[in-house]
Amino acid sequence: MNVLLETWDTSFGLPPFAAIRDEDFGPAFDEALARARAAISAIAEGPAVDFAGVIEALELAEGDLDRVSGVFYNLAGADSTEAREALMRELAPKMSAFSSEVTNNKALWAKIDALWQGREALGLSAEQGRVLDLYRRMFVRSGAALEGAAAERLTAVKSRLAVLGTQFGQNLLADERSWFLELAPEDLAALPGFVQDAAKAAGAEKGLGPVVTLNRSLIVPLLQFSPNRALRERAYAAWVARGANGGETDNRAIAAEILALRAERAQLLGYADFAGFKLEPEMAKTPDAVRDLLMRVWQPARAKAIADAAVLEAMLRADGYAGPLEPWDWRYYSEKRRKAEHDLDEAALKPYLSLEAMLGAMFDCSTKLFGLEFREIAGPFYHPDVRGWEVTRGGAHVAVFLGDYFARGSKRSGAWCSTMRSQRKLGGEVRPIVVNVCNFAKGEPCLLSYDDARTLFHEFGHALHQMLSDVTYGFISGTSVARDFVELPSQLYEHWLEVPSVLEAHARHHETGAPMPGDMLKRLLDAGTYDQGFATVEFVASAMVDLEFHTGTPPADPMQKQAEVLESLGMPRAIRMRHATPHFAHVFSGDGYSSGYYSYMWSEVMDADAFAAFEEAGDPFHPEVAARLERFILSAGGSEEAEALYLKFRGRMPGVEALLKGRGLVDAA
């Protein structure tokens, strides 16, 4: 037997990582796909036409495939090898073809549609009714109602998109992995100690002296602290050129083909454009609603950024440079300004924000809010850097949580939350295995920036959404919600990092154990909206480019379209998009955030209002508000429409005002 298909006699049913070899995955996928095809064929051709015989059977039909996929895709993203990358390329069209086979199965579609048409007489629970609705919607949006040439073409389009998305991501990883810049002794000496340590660790991984890589947790500190303007420019140029360096890893033509195929996919399904298709099931519903939100935020953010740019350019000129302020200057002078105006020095802050301390803060908040307890467990896991915890409540097992926090060449950039196993009750209680992945610069100890600590809390908010899930059907488990709702739990959890009592208890010096001095803590919190003009502009610009890419006729030249959108916005010259097209993995490494990058901001409108519920109750850990949050948001998964769930939690929908206030943009509006 293949170890991936055996019953795992391991603690908590964790995958037996030490026994899994790369060569096991291909045969395991082949067998799991064969089993899934047989199970689905039996459902489609069998006599059952009831909810249990069709929908519940479908829920369980891909169990082996889910299990193998849960292991492989987590490893492929967090600890890539040549064999795993090759298999990803091979699997992309295979998995797409399988998905199309299922949704193109006319007998199966007829059963689902018949159940939906007669749903009023089925006596379904509210959750069952919701699952049936979502299954039918998935089949319709996948082309189940199409016939003949249109159905065949849609299958071909989806297959090609799967291949291109995989290629885009692998090209980006290759560019990130291959570039590095060795630091001269004088350039290294000019950097704070924590940046020096990170550069030395990154170089040691490559068998070299200190280097800068394209990992955000290393290159951003270089841009913040290096006084060598030419060095900053060289590093910045490499960072923004990812995916646009020519040759085999260039993503520009891939992006153009992806946009054209998405538009064709939408038109085959009867939509004017891809944005209209993609946004229909989301909270926003239409491109106009997204555009309205983004532009309401853009104007005050741009005004703030332009005012800030004038201050920073004056600092640049005072250093003897003629100007103008360039993108590789912004972080350097902004850091100097922050130190001058708020007396905040990131190098002085970091010793109080060790990874270990912030993990303690993160876990402690979830204990106070939801009664969760964490016990570290031994591996082996899929990489020596990975740590694991059993999560319990009242002595009962809730989940296994894995944390993979350090950057390495085998890991794609960014931070994310995924599952190796999702929660469900159908077929017996299944508790989740949840994974948080980050890319912090490794050190002894690992010291985080405040933004890094936010990322830690953000991803754990997603993890809570998975761990506290309490539904019957895996189809609506955890984060299986509207894309512009899924960021609510993650962005909301960031707010607890700003609670003074949390930092007072956990922000302690990694060497002495002394708490962060009170005046430093106050300055840190007072500076919470510092440089939000910059942060908001770089985000909204990316979200607008994404939206306009997918609205109307797809651009033949995405780079030209990107330039046109930025010009129409009046993009400040010293700020670039957070994610330029050739490395915009959110949008092009799959469909997840395509025409949906705005969703972070849509969710932010809610997260600002949701945390206000705790503030109004007079306690950031108010038990009744926390109980409502768990019941209607974190445990509910996709059991109802997102707006209905939020209304049950809060009693009303929020306006954009709380977001503008939270970003310090009210005066600029």
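The values are calculated or read from the model by the stated rules, or taken from the named source; none is laboratory data. As the structure is a computational prediction, the values presented were derived from the model and not from experiment. As a convention, Cβ positions derive from the backbone with ideal geometry for all residues, glycine included, and neighbour counts pool all protein chains shown.
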Original post:
Among Leu65, Leu60, Leu108, Leu75, which is crowded, with 19+ Cβ neighbours inside 10 Å and either of a type in the set (Asp, Glu) or over 30 Å from Leu173 (Cβ atoms) (or both)?
Top reply: Leu108
**OP:** Please give the number of the condition Leu124 fails out of (1) touching a Gly at 6+ places or on another chain (Cβ under 6 Å); (2) within 26 Å of Ile476 (Cα to Cα).
**Re:** (1)
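If only one of Arg130, Arg177, Arg84, Arg137 is surrounded by fewer than 16 Cβ atoms within 10 Å (Cβ to Cβ), of a type in the set (D, E, K, R), assigned to a helix (DSSP H, G or I) and in contact (Cβ under 8 Å) with a residue 12 or more places away in the chain, which one is it?
On the way: Arg130 fails: surrounded by fewer than 16 Cβ atoms within 10 Å (Cβ to Cβ); Arg177 fails: surrounded by fewer than 16 Cβ atoms within 10 Å (Cβ to Cβ); Arg84 fails: surrounded by fewer than 16 Cβ atoms within 10 Å (Cβ to Cβ).
Going through Arg130, Arg177, Arg84, Arg137 in turn, the sole match is Arg137.
Sort out for me the helices (runs of 4 or more DSSP H) sitting completely within segment 181-293 that have 3 or more residues that are more than 27 Å from Asn439 (Cβ to Cβ).
Output list reads 252-268, 274-279.
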**OP:** Just give me the residues in segment 356-379 being part of a strand (DSSP E or B) and among the β-branched types (Val, Ile, Thr), in sequence order.
**Re:** Ile377
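Quickly run through segment 536-575 and pick out the residues that are in a helix (DSSP H, G or I) and either outside the structural domain of Leu259 (by TED's automatic domain parsing) or of a type outside the set (A, V, I, L, M, F, W, C) (or both). Lay out the reasoning, then the answer.
Taking segment 536-575 and keeping what is in a helix (DSSP H, G or I), we get 536-549, 558-569.
Of everything in segment 536-575, those that are in a helix (DSSP H, G or I) and either outside the structural domain of Leu259 (by TED's automatic domain parsing) or of a type outside the set (A, V, I, L, M, F, W, C) (or both) turn out to be Thr536, Glu538, Ser542, Asp546, Glu548, Pro558, Gln560, Lys561, Gln562, Glu564, Glu567, Ser568.
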Subject >> Filter pass, Leu503 being more than 30 Å from Val587 (Cβ to Cβ) and crowded, with 21+ Cβ neighbours inside 10 Å >> reply: yes
Original post:
Would a scan of segment 468-477 turn up a residue that is in contact with a His (Cβ under 8 Å, 6 or more places away or on another chain), among the aliphatic types (A, V, I, L, M) and in contact (Cβ under 8 Å) with a residue 12 or more places away in the chain?
Top reply: no
Original post:
Of the numbered conditions (1) assigned by TED's automatic domain parsing to the domain that holds Val434; (2) touching a Pro at 6+ places or on another chain (Cβ under 7 Å); (3) not charged (D, E, K, R), Gly474 satisfies every one except a single condition; which is it?
Top reply: (2)
**OP:** Taking the options Ser635, Ser589, name whichever one is assigned by TED's automatic domain parsing to the domain that holds Glu282, of a type in the set (Ser, Thr, Tyr) and under 20 Å from the mean Cα position of the chain (by Cα).
**Re:** Ser589
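Would it be correct to say that Thr529 is surrounded by fewer than 21 Cβ atoms within 10 Å (Cβ to Cβ), modelled with pLDDT under 95 and either out of contact with any Phe, Trp or Tyr (no Cβ under 9 Å at 6 or more places or on another chain) or part of a helix (DSSP H, G or I) (or both)?
yes
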Original post:
For the subset of segment 646-669 comprising residues that are part of a helix (DSSP H, G or I) and touching a residue at least 24 places away in the same chain (Cβ under 8 Å), which member is nearest to Val499 (Cα to Cα)?
Top reply: Gly662
Original post:
Can you name the residue in segment 464-498 that is of a type in the set (Val, Ile, Thr) and not in a loop (DSSP other than H, G, I, E, B) and, of all such residues, is surrounded by the fewest Cβ atoms within 10 Å (Cβ to Cβ)?
Top reply: Ile476
**OP:** Considering every residue within segment 651-668, establish whether at least one is closer than 17 Å to His495 by Cβ, at pLDDT 95 or above, under 25 Å from the mean Cα position of the chain (by Cα) and not β-branched (Val, Ile, Thr).
**Re:** no
**OP:** May I ask you to verify whether Gly461 is at pLDDT 95 or above, within 25 Å of Pro654 (Cα to Cα) and either among the hydrophobic types (A, V, I, L, M, F, W, C) or part of a helix (DSSP H, G or I) (or both)?
**Re:** yes
